[in-house]
Amino acid sequence: MAKTETTRFAVIEQERVVKVHERKIPELKADEVLIKNGACNICTTDYGQWTGARKNLKFPMAFGHEFSGTIVDMGSEVKGFGIGEPVGIGYDNCGKCEFCKKGLTSECVTLGEGRNKLSPDGYHGGFGCSEYVVKPYRSLFKMDPSIDPSEAAFVEPVGTVCQGLRKLRVSAGEKVVVIGAGTMGILNALALKAEGCDVLITEMMEKKLKVARNLGLHAVDVSKEDPVEKVKEWTDGRGADAVILAVGATAANDQALEMVKHLHGRILLFAAGYPAPELHVDSNLIHYRKMELIGTFSADLCDFKKAAELISEKKIDLSKLVEAKYPLDQVQEAFEAAVVPGAYRVSVVF
């Protein structure tokens, strides 16, 4: 079979405009692999740039970081992988800098400008929404071949969840509240259940409540019930051991402070919000209640490894989080579907 030399890929050219371009596939370095893409999911960051909400990202953006595929070629120094293996994707890392050596691969010095990094042919981004993608082998995680590519593409977002739960130090039997039943809220709740936690999730949108309940989650409709009172009732007045903020909103921040138990409560600020939400808490409250406010962002190699295991071993059910699938040539329609209120992940498939 003739070697593939070019690839088609999606590019956000400007606000509300995404088109398919073509480029030559870069030559593989010794530590890189060539992946034939199976699916690329559209993340909130991607459609945030498309709508104009995320002004920190540059055009033209060869977007895509939630994707999965199959290895079709590899460099001479690739270790632990073989041709034909299905893989999920984490973040690039050099494996050599001081941060990588400490396991803090999300802080690797080679990441530079992140998604704004410019390619030699003039594109920003990582080319994840592409027929063929070149990646360092250190960014890859083996997946069970039975996993649907659109679900295998969840390695990146589930990895960020795994880092958050690791920092939150959750343990089996704890009562944990997740505020927000969007994609990331559901992922947090499912991962918590896999850890043996007792989980309650709050939401106001009917569609999201239905999905949460169909996944076996204890969901509270905040449009009909006071979520703080429901948490008190659920915990016999004690308050939750921990609260995860899976939405970035001032009201949610205020609720978390009321939901968490009086002493030694932990709050994980998982989600960002635009404009930035406020946090109405004074330092004395944190001091006397021995409270922990924990920030989390991104994920390290160990988190992606755990995410790949959770997905491959089917310990979390992702089937209801794939809203729709579109071929690459319909990527503009895919973005239009992704921004519909209440939508979960929309997947571009190859």
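Taking the Cβ of Arg16 as the center, what net charge do the other residues with Cβ under 15 Å away carry, scoring Lys and Arg +1 and Asp and Glu -1? It works out to a net charge of -2.
Backbone geometry of region 295-311 corresponds, through the Karplus equation with coefficients 6.51, -1.76 and 1.60 at θ = phi - 60°, to 3J(HN,Hα) couplings of x, 9, 7, 6, 6, 9, 3, 5, 6, 5, 4, 5, 4, 4, 5, 4, 6 Hz, x marking Gly and Pro. Our coupling estimate for region 13-18, obtained by passing each phi through the Karplus curve with A = 6.51, B = -1.76, C = 1.60 and θ = phi - 60°, is 7, 6, 4, 6, 10, 10 Hz, Gly and Pro reported as x. Beta bridges from DSSP with both residues in the chain: antiparallel share about 55 percent, rounded to the nearest 5. Only protein atoms count toward the accessible area here, which uses a 1.4 Å probe; on the chain, the carbon and sulfur part of that area reaches 51 percent. Where a ≥ b ≥ c are the square roots of the eigenvalues of the C-alpha gyration tensor, would you call region 42-165 rounded, which needs a/c under 1.5, or, failing that, prolate if a/b is larger than b/c, or oblate? It comes out rounded by the Cα gyration axes.
For region 48-174, the solvent-accessible area of protein heavy atoms averages 43 Å² per residue (probe radius 1.4 Å; ligands and nucleic acids excluded).
In this structure, the residue pairs whose Cα-Cα separation is over 18 Å, taken from Lys102/Lys305; Lys58/Lys117; Lys210/Lys232, are Lys210/Lys232. Evaluating 6.51 cos²θ - 1.76 cosθ + 1.60 at θ = phi - 60° for every residue in region 221-235, the Karplus couplings come out as 7, 6, 7, 10, 9, 6, x, 5, 5, 5, 5, 4, 5, 5, 9 Hz, glycine and proline recorded as x.
The values are calculated or read from the model by the stated rules, or taken from the named source; none is laboratory data. Given the structure is predicted, the values throughout are model-derived calculations rather than measurements. Please note: Cβ atoms are built from the backbone with ideal geometry, for glycine as well, and neighbour counts cover all protein chains shown. All accessible areas refer to the heavy atoms of the entire protein, side chains included, with ligands and DNA or RNA removed. Shrake-Rupley method; radii C 1.70, N 1.55, O 1.52, S 1.80 Å.
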